[in-house]
Structures are given as structure tokens and as C-alpha cells.
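The next block holds one structure in the form of C-alpha cells; read it before the comments.
Just so it is clear, none of the values below were taken in a lab; they were calculated from the coordinates. In this text the structure is predicted, and so the values were computed from the model without any measurement. So basically every Cβ, Gly included, is an ideal-geometry build from the backbone, and we count neighbours across all protein chains shown.
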Amino acid sequence: MRKLFLILFAFTILLSSTLLLAQEHGVDVHAGAKVEQVEAETSHQLPDTFMVIPFIVLLAMIATGPIMYQHFWEHHYPKIALFLGAITASYYLLVLQDTHSLLHTAAEYFSFIALLASLFYASGGIMIKVDKKATPLLNVIILFFGAVIANVIGTTGASMLLIRPFIKVNEKRIKPYLVVFFIFLVSNIGGALTPIGDPPLFLGFLKGIDFFWFIEHIWYIWLPTVTLLLIIFYFFDIGNKAGEDDTEYSGKIEFKGKKNLIYLAIILIAVFIDPNVMSWVPNLSPFPIGIREIIQFSVVLFAIKTSDESILKYNEFDVEPIREVAFLFIGIFATMIPALQLISHEANVMGDSLTPGLFFWSTGSLSGVLDNAPTYLNFLSAALGKFGLDLNNPADVKEFVNMDYIYLQAISVAAVFFGAMTYIGNGPNFMVKSIVESAGIRMPSFFSYIIKYSLPILVPVFILVWLVFYY
Amino acid sequence: MKKIVEVLKEQKNGLVFGNRVLLPFQAELLKIVIDSEIITNFGKRLKGAHVRVTDYYTEIYFLDYKILVDEIPKYKSIKMVLVQQGEDVFDFNKHINLEIEFLGKHQISIKKIGDNILFYE
């Protein structure tokens with residue numbers, strides 16, 4: 001633990017020295033960077049191709065660690081993420097002398113983790129109990145409700161909030177398919193309509209995509225996909241006759257943790273408290289956090305102090321999932337910088353051969369096996385690069401969004417939808433699996449999940465989406 | 001030697017030392033859930049859990065852990081299904097669901113799993 005603090009301390013020193021350097025050069029690092037900064041960024045030379053190696057190593061370890069060397073990974077992932085991140089950061093600082101990219105990335109990281117952590121802590125202190133008889137229709141309603149609220153409190157928040165009541169309602173007829181469809185709809189596909197819904201979209205928002213762009217351009221793909229999956233689920237569920245007895249149910253829905261609902265509201269309002277959205281909001285540059293992040297981090301502290309202990313116990317609240325995200329994403333954000341710049345450059349060269357369908361399948365297939373957030377940014381960078389635009393330039397991002405929405409739509413839909421393909425495609429998937437297994441219910445193995453559920457159910461649905469919208 | 005029901009009634013505590021848990025009764029273990037790991041195979045001596053029943057207690061070694069108190073999150077407990085030794089293990093009515101919580105460095109509370117905890121045999 002002491003070693004970890006030393007590493008974190010070193011990271012802070014690195015960040016502080018970068019800040020000082022940046023101040024000397026008059027750099028504005030706040031999220032939603034300014035034009036002069038962007039001009040400086042784009043003028044920087046391209047990194048060496050070998051600098052993509054730390055990113056590839058980290059993604060490969062994130063994919064294989066929890067499955068192949070679980071205990072080693074559980075104990076050492078913070079050091080691995082920080083070490084790999086430090087390699088890239090040192091290269092940019094010492095070799096390229098590019099502080100802009102580092103500070104811009106640090107600002108994005110803090111925005112990202114502030115939102116995720118605050119949603120995680122606030123929703124962890126809420127308890128919902130449903131005392132109703134499980135029926136296929138009730139399950140469909142819960143899953144649809146989960147898919148909708150995933151856009152308000154994130155797929156992580158919605159999963160944490162609803163997985164326990166969903167299991168409890170089905171306690172006498174619990175089967176793996178119930179949890180798998182929960183992962184499909186609540187932990188992934190549901191959250192495709194807002195940047196709060198799923199981390200990749202929030203990264204897109206931080207890069208300059210309008211908050212409401214997603215709902216405006218994705219709802220007509222989201223709705224038929226969710227409906228189709230619910231219909232498939234319904235037919236699975238009517239075949240489940242287990243646990244039919246004469247137990248009487250009160251029909252009550254119990255809700256506890258109202259103050260945490262206020263926290264959730266504060267987090268959501270804070271998303272818009274940004275100097276680029278509201279002119280009165282002060283810009284705290286050169287510090288890589290803004291008012292929004294300060295509010296969201298404060299919610300984390302309030303939630304830790306004030307959440308009801310009995311609810312935390314009921315939820316078996318565990319800080320490990322968010323700790324893991326916090327550490328891994330330091331590594332991901334840092335190591336991803338050269339990959340983003342190189343991909344953007346290559347896409348610019350390849351130009352016309354990159355079609356929306358290609359973006360859909362390539363973003364999707366990688367989002368299924370790698371974390372969908374970095375995958376999203378890489379393909380977004382490539383899509384912008386196709387038109388000679390730069391992802392690190394908010395003006396370029398706006399131009400891209402207005403130019404042709406179909407590329408951004410294909411990437412956004414694929415990154416969110418395909419996250420459901422495996423347990424490692426999106427953060428909440430593993431969390432839901434872990435909560436369900438903590439209750440003593442065995443879940444399908446990594447490969448069994450893919451073979452029994454993802455390939456026969458999701459892939460045909462995604463092919464339909466591709467045929468209708470991107471073929 | 002006290003029976004499981006007596007231990008529960010008297011709210012007698014157990015012990016924990018490192019990865020070793022001592023329960024003040026004799027029991028046949030059927031299933032343990034620790035964190036998100038479900039252990040039902042007690043035959044292996046390299047992975048999962050190793051159980052030994054003596055004349056005075058039942059001890060469980062959690063082989064994938066070094067110090068349980070440090071490694072199990074604050075709001076999580078160890079859950080298990082067991083049967084009083086000597087009773088009919090094939091009778092589901094004799095199965096008892098217990099949860100173990102850490103009270104300090106070496107003490108553990110032993111409680112029946114209530115409605116507020118999700119656990120399925």
C-alpha cells in the first residue's frame with residue numbers, strides 16, 4: 001500500500017511539474033481546450049510508432065488479467081497501469097517536450113473519473129426492494145426501465161441499483177439468461193442515448209460532441225434494438241416455469257436512500273457546469289479540474305460520509321470496482337495519446353476506403369473484447385482523420401459532427417452496443433457478474449457467455465442494425 | 001461441543017487468523033461464497049478452501065487469500081451453506097445458511113443469513 005502511495009505521489013509530482021511547465025508557456029488546459037492551445041497541439045510532431053506498445057500491453061492485460069491470472073492482476077494492476085502510463089508521459093515530457101497533450105489528457109481523465117466515481121458512490125447508497133411475483137412482463141418492464149434510466153445515472157449506476165431487486169424478484173426462478181439479458185440491456189445497450197449513459201459517449205462529450213446529439217441521432221436505432229431484445233427475452237422467460245408456488249406478495253416497492261437521489265441530481269446538473277456551456281462558469285486553468293469536477297468529487301465525499309450503513313451493507317458496497325477504473329484509466333488515458341494521434345494520421349491517409357459499415361464493425365468487434373471507452377476514442381480519431389480533422393480540436397469535432405453524422409453514429413452505436421458481447425466489454429458487466437456470484441449464483445464462464453448468448457442473440461441483432469443503417 | 005443452533009442462539013463468535021477461519025461447532029460444508037468466488041469443491045488442497053473438522057471446531061483455510069481481514073471488503077461477508085455434523089446432509093431442511101463478518105483483527109460474528117442479504121443455495 002505504501003508503495004502505491006509512493007507511485008501516486010510520483011504521478012502527482014509529474015503532473016505538477018507538467019503544470020508548472022505549461023504555465024511557463026501560457027497553456028490553457030481546461031477541458032474544452034481553446035483554439036490557441038489546439039493550434040499548438042496540432043503543430044506537435046507525431047510520436048514514434050513504438051510508443052503504441054504500452055497501450056497495447058495495457059489493453060491486452062486488461063482483457064486477459066481477470067481471466068488468466070486473476071490473483072496476480074488483482075494485486076498488481078495499479079502498479080502496471082501507472083508504470084505503463086508513466087512510460088508514455090515521460091516520452092511526451094522528455095522526448096517530444098509536448099506538455100499540451102499530457103495536460104489536456106489529464107483534464108479529460110479528471111472529468112471522466114469525477115463523473116463515474118460520483119455516480120458510483122451516489123447510487124451505492126440507494127436501495128430498491130420489489131415484493132412482486134416475477135412474471136415475464138414484470139421482467140420486461142424492469143429491463144426496459146433499466147435501459148432508460150441507464151441514460152440518466154449511467155449503465156454502472158443503473159446496474160448497481162437494479163441488479164439486486166431483479167435477482168430478488170426472480171429468486172425462485174433465477175437462471176443465468178436473466179442476468180445475461182440484464183447485462184445486454186441495462187449494463188450496455190440501454191445507455192446509448194446520452195453521454196452519461198456509457199463512458200465512451202462521455203469521452204465524446206468531453207471532446208466536444210453536443211450533449212443531446214446522441215439522443216437525437218441514436219434513439220431510432222436504440223428503440224428497435226431494445227424492443228427486439230426484450231421480445232427475445234420475453235420468449236426465453238415464458239419458458240421458465242421454475243418456482244411457481246402459492247407464495248403471497250405484498251406488491252410493494254420499497255425505496256431507501258432519498259438523499260442519494262439528490263446527489264444524483266447534483267451530479268447530472270454539474271455535467272453542464274462547464275465554461276464552454278455556461279459563460280459565467282470560471283475557468284480554473286491551468287489546473288486540470290474545473291468547477292464541474294469539484295462538485296462531483298464533493299458528492300463523492302458527501303456520499304461516503306452520509307450514506308446509510310444498512311443500505312451499503314444490503315448492497316454489499318465495495319470500492320474496488322471504482323478503484324480499478326480509477327487506476328486503469330490513468331494508464332489508458334496516458335498510453336492512448338500516441339495511439340490516437342497515429343490512428344488519426346493513418347486514417348487521413350487511407351481516406352475513402354473507410355465506410356460507416358467498416359467503422360461499425362471494427363469499433364464494435366474491438367469494443368467487445370477491449371474496453372469500449374478507449375476503443376471509441378481511437379475510432380473517433382480515425383473517423384475525424386479521414387476528413388483531415390483532429391480529435392483534440394473541439395472546433396474540428398464540431399465540424400465533423402455537422403459534416404456527416406453517420407460516421408459518429410456508427411461508432412457511438414457500435415461502441416456501446418458491442419460492449420455487451422463479453423464480460424470485459426464494459427465496466428458494469430463484470431460488476432454485475434460479481435454481484436450475482438456473490439449471491440451464490442453461478443454465471444456462465446467467459447467463453448460460455450459468448451457462445452451461448454452473445455453469438456446467437458446479439459450478433460444477429462447487430463447484423464440487422466448494420467443492414468438497416470450502415471449497409 | 002456446541003451445536004450450530006446453540007452457537008447462533010448464544011451469539012458465540014468465531015476466530016480468524018490470516019486465511020484461517022475457526023467456527024465453534026462441527027459442520028459439513030456444502031458451499032462457500034467469498035467475495036464473488038463460489039467454492040463447492042473442498043477436495044482440492046491448492047485452490048479455493050480446505051476444510052478440517054476437529055473434535056472442538058471446524059476450520060477453513062481460504063487458500064487464495066493471505067489475510068482475510070485485509071482482503072474482504074468492509075460491507076461484504078463470507079456466506080456458506082452447511083449442515084450440523086451427524087445430521088442428515090441430504091435433508092434440505094437441515095441446511096443452514098450462515099454469514100460471517102469480521103469484528104476486529106481476530107474475531108468473527110456468525111449469523112444466519114437474513115432477508116436483507118442475497119444468497120442462493
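At full extension, residue A:350 and residue A:71 could sit 96.2 nm farther apart than now, given 0.36 nm per residue minus the alpha carbon distance. In loop segments of the range A:266-304 as defined by DSSP, the chymotrypsin sites (Phe, Trp or Tyr not before Pro) with at most 14 further C-beta atoms inside 10 Å of their C-beta are A:272, A:280.
For chain A, the membrane-span-like helices by this rule, meaning whole DSSP H stretches whose C-alpha atoms cover at least 30 Å of axis and whose Kyte-Doolittle mean is -1.0 or above, are A:2-24, A:99-124, A:213-238, A:320-350; this says nothing about an actual membrane. Here chain B is scanned for chymotrypsin sites (Phe, Trp or Tyr not before Pro) in DSSP loops (not H, G, I, E, B) that have at most 15 other Cβ atoms within 10 Å, and the longest stretch holding none of them is B:1-55.
Just to be sure I understand: of the beta bridges DSSP finds with both ends in the protein assembly as shown, what percent are antiparallel, rounded to 5? Can you show the working numbers first?
Values: 37 of 37 bridges.
Bridges in the protein assembly as shown are about 100 percent antiparallel.
Got a sec? How would A:466, A:222 order by Cβ neighbour count within 10 Å, fewest to most?
Working: A:466 18, A:222 23.
Placing the least packed residue first, the sequence is A:466, A:222.
Neighbour counts of C-beta atoms inside 10 Å place A:387, A:462 in the sequence A:387, A:462, starting with the fewest.
Per DSSP H run of n ≥ 4, the term is -39500 (n - 2.57); total these for chain B, divide by its residue number, and report the mean residue ellipticity at 222 nm rounded to 500 deg cm²/dmol.
Working: 2 runs with 11 residues, N = 121.
Value at 222 nm, helices only: -2000 deg cm²/dmol.
Taking every Cα-Cα distance in the range A:101-469 and sorting them into 20 Å bins from zero, the calculated P(r) comes out as 30, 58, 12, 0 percent. Of the GluC sites (Glu not before Pro) in the range A:181-280, the ones in a loop by DSSP (not H, G, I, E or B) with at most 12 other beta carbons within 10 Å are A:244, A:248. Listed here are the pairs A:256/B:105; A:175/A:313; A:452/B:74; A:252/B:79; A:252/B:105; which of them are more than 30 Å apart at the Cα? Correct reply: A:256/B:105; A:452/B:74; A:252/B:105.
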